[in-house]
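The values are calculated or read from the model by the stated rules, or taken from the named source; none is laboratory data. Given the structure is predicted, the values throughout are model-derived calculations rather than measurements. Glycine also receives a Cβ, built like all others from the backbone with ideal geometry; neighbour counts cover every protein chain displayed. The area values use the complete protein model at the heavy-atom level, side chains included, leaving out ligands, DNA and RNA. Shrake-Rupley method; radii C 1.70, N 1.55, O 1.52, S 1.80 Å.
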2 protein chains.
Amino acid sequence: MAKNVAPDSTRRSEKSRRAIYDAALALVGEVGYPKTTIEGIAARAGVGKQTIYRWWSSKAEVLMEAFLDLGEQAGGESYAIPDTGDLAADLKAVLRATVDELKDPRFEVPSRALAAEGVVNEELGRKFVEKLLEPSLQLYVARLRSAQQAGDVRPEIDPRIALELFVSPLAQRWLQYSGPISYEYTDTLVDYALYGLAPR
Amino acid sequence: MAKNVAPDSTRRSEKSRRAIYDAALALVGEVGYPKTTIEGIAARAGVGKQTIYRWWSSKAEVLMEAFLDLGEQAGGESYAIPDTGDLAADLKAVLRATVDELKDPRFEVPSRALAAEGVVNEELGRKFVEKLLEPSLQLYVARLRSAQQAGDVRPEIDPRIALELFVSPLAQRWLQYSGPISYEYTDTLVDYALYGLAPR
DNA sequence: CCGCTGACGAGACGCACCGTCTTGTCGGCT
DNA sequence: AGCCGACAAGACGGTGCGTCTCGTCAGCGG
């Protein structure tokens, strides 16, 4: 027994860790997620398989940490949503930027892979939401709260639910290929969400 | 060459087809999607592997057809959305029913598996949307058109986009575990979508 | 300065499943 | 009655899995 003596993280090789992240992201980009294998990552990184199995439990986890790491070293931290006082314009601008990001292949392939894995693996899905999705959504919460202060959003509205009216449709179209994605589309979503479907 | 002489579908064994559907659904329910293998399905169905490879190209496709078949023989066809004249109430009722369905394990496991596969495999994703998702969404389109006739929804609204305001948030929470799902939540979505976030 | 310790690179190992193939059977058309 | 092709069964080489055994190497504690 006692096979799983936790490895000593103070002796962990930083060089190997970085090499594994780089190899994982490169492979996913080049051959796609399903054809990316742990053996392949190890070979590409010049690392023994055991080193991967020692620190991660699945290729999905490797990819998620690699992706998180990429985000950290790139964007110091997520940007806030502009607050010009014109709520509709601010939301439309951010959603247009999101549309562009969703179409950037560097971002698209690993995100899709992680999202797909999260659909079927609840633990990983929750981690994905917590680490990647929710922080971005909280930016909308903040902007909507500010709009409530300004009287542009009714005070009894729950911002965490409200943001889903325009974010989730875009997310679903992207994830499921259930419809085309364009600036016009996201602009429309903002208008519908703010002013409702019923006559005013 | 000419290795792929298309099989003669008039000589196809109906018994094997059914046995394969049953085995696939049973296995996915019992051991989960990743552990469901083509070999396993063949063995369980009492069928040669070649019979599966002859008619389908992946386990995802087998499962999708099995799932479609299940739907066809169960609900003769998808039900329409009630039209009592009270749009909000009708939508809330249908979404509540959807909440229940999403939590039914018989439905949940294969749906998740197919949705996940569709995220990463565009061709299958589009088929999934076309065969399973879009037909249900069209019911909302019909109901919203009727509401436009009745003057409960503004005439310039595009129903296909409008429905996403309340359907997509639910879908995303379910798919991505990005939030809890309840009657209260879906009721709120309908209210927000119909009357908007801005003061009236 | 040396020796111990544990992560490291490399890769062998048995296993499960892949997708293709071969063989002999059997049922439906002609 | 004979033919044709789908069928069940399973052999086959290939690939990646996850575990394991090596020998090496870096750091730290004595």
Exercise. How far is A:Lys131 from itself in the other copies, in nm, if each label sits 7 Å out from Cα along the Cα-Cβ line, shortest first?
Worked result: 3.4
For this session: Please give the solvent-accessible surface of A:Leu175 in Å², to the nearest 10, using a probe radius of 1.4 Å with every protein chain present.
Result: 10 Å²
Exercise. What shape does the stretch B:13-74 take by its C-alpha gyration tensor, where a ≥ b ≥ c are the square roots of the eigenvalues and a/c under 1.5 counts as rounded, a/b above b/c as prolate, and the rest as oblate?
Worked result: rounded
Exercise. Based on Cβ point charges of +1 for Lys and Arg and -1 for Asp and Glu, what charge dipole magnitude is obtained for the stretch B:87-195 about its Cα centre, in debye rounded to the nearest 20?
Worked result: 120 debye
Problem set entry | GluC sites (Glu not before Pro) within the stretch B:99-195: DSSP coil, no more than 12 neighbouring Cβ in 10 Å | B:Glu156
Problem set entry | Nearest-ten-degree value, helix B:164-176 long axis tilted from longest Cα axis of chain B | 50 degrees
Exercise. When the helices in chain B are scored as -39500 (n - 2.57) per DSSP H run of 4 or longer and the sum is shared across all residues, what 222 nm value do you end up with, to the nearest 500 deg cm²/dmol?
Worked result: -21000 deg cm²/dmol
Seminar exercise, completed: Taking Lys and Arg as +1 and Asp and Glu as -1, residues besides A:Arg12 with C-beta under 12 Å from its C-beta add up to +3
Seminar exercise, completed: Relative contact order of the stretch A:9-74 (C-alpha contacts under 8 Å, at least 6 apart) in percent is 37 percent
Problem set entry | Helix axis angle, A:105-120 relative to chain A longest principal axis, alpha carbon, degrees | 80 degrees
Seminar exercise, completed: The percentage of the accessible area of chain B (probe 1.4 Å, all protein chains present) made up of carbon and sulfur atoms, to the nearest whole number, is 53 percent
Seminar exercise, completed: Looking along the axis that carries chain B onto chain A, the residue of B whose Cβ comes nearest, with distance in whole Å, is B:Gly196, 1
For this session: Give the relative contact order (percent, whole number) for chain B; include only Cα pairs under 8 Å separated by 6+ residues.
Result: 19 percent
For this session: Would you mind pulling out the separation of the Cα centroids of the stretch A:1-72 and the stretch A:110-175, in Å?
Result: 28 Å
Problem set entry | Sequence of A:Ser9, A:Ser111, B:Ser182 from largest to smallest accessible area, 1.4 Å probe | A:Ser9, B:Ser182, A:Ser111
Seminar exercise, completed: Of all chymotrypsin sites (Phe, Trp or Tyr not before Pro) in the stretch B:1-96, the ones in DSSP coil with at most 15 other Cβ atoms within 10 Å are B:Tyr79
Exercise. Among residues other than A:Leu87 whose Cβ falls under 14 Å from its Cβ, what is the net charge (Lys/Arg +1, Asp/Glu -1)?
Worked result: -2
Problem set entry | Environment charge at A:Leu194 (Cβ cut-off 12 Å; Lys +1, Arg +1, Asp -1, Glu -1) | -1
For this session: Provide an ascending nm list, one decimal, of label-point separations from B:Glu30 to the equivalent residue in each further copy; define each label point as 7 Å from Cα along Cα→Cβ.
Result: 4.1
For this session: Note the angle between two axes, namely the Cα long axis of helix A:87-102 and the longest principal axis of the Cα atoms of chain A, as a number of degrees from 0 to 90, rounded to the nearest 10.
Result: 30 degrees
Exercise. Averaged per residue, what accessible area in Å² does chain B show with a 1.4 Å probe, protein chains only?
Worked result: 51 Å²
Exercise. With respect to the cross-link table entries A:Lys35/A:Lys92; A:Lys35/B:Lys15; A:Lys92/B:Lys59; B:Lys103/B:Lys131; A:Lys49/B:Lys127, which display a Cα-Cα separation exceeding 30 Å?
Worked result: A:Lys35/A:Lys92; A:Lys35/B:Lys15; A:Lys92/B:Lys59; A:Lys49/B:Lys127
Problem set entry | Förster-model FRET efficiency, 30 Å R0, A:Lys103 and B:Asp158, C-beta, rounded to 0.05 | 0.85
For this session: Enter the buried accessible area of the A/B pair, total of both sides, probe 1.4 Å, in Å² rounded to the nearest 100.
Result: 4700 Å²
For this session: For A:Arg18, go 7 angstrom from Cα along the Cα-to-Cβ vector, then report the distances to that same point in the other copies in nm, smallest first.
Result: 6.3
